[in-house]
Amino acid sequence: MERVFAYLKEYFGMKRTRHRGVRASVDFQLSTLAYNLSKFALDKLNQQLRNSQQIA
């Protein structure tokens with residue numbers, strides 16, 4: 001879990017929260033959504049590469 005927060009801080013600009021309350025919550029949720037989608041896409045790409053190497 002600590003790695004996720006480090007990634008969000010480094011690449012999604014979450015070092016300092018610029019908002020408070022609902023805006024901060026929405027900002028964090030959108031950042032975690034983008035992180036999860038990028039991890040999902042990377043996993044799918046790696047799976048496709050592994051499958052294509054097994055066929056060849």
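FYI, it's all coordinate maths here, none of it is from the lab. Just so we're clear, the structure is a prediction, and the values are computed from it rather than from any experiment. FYI the Cβ positions are ideal-geometry reconstructions off the backbone, even for glycines, and counts take in every protein chain you see.
Quick look at the numbers
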item: Options (1) 20.1, 64; (2) 15.7, 53; (3) 15.6, 60 - which one matches Rg and Dmax of the Cα atoms in Å as calculated here; result: (2)
item: Two-site label geometry, H19 and Q47: point separation in nm, points 7 Å out along Cα→Cβ; result: 3.2
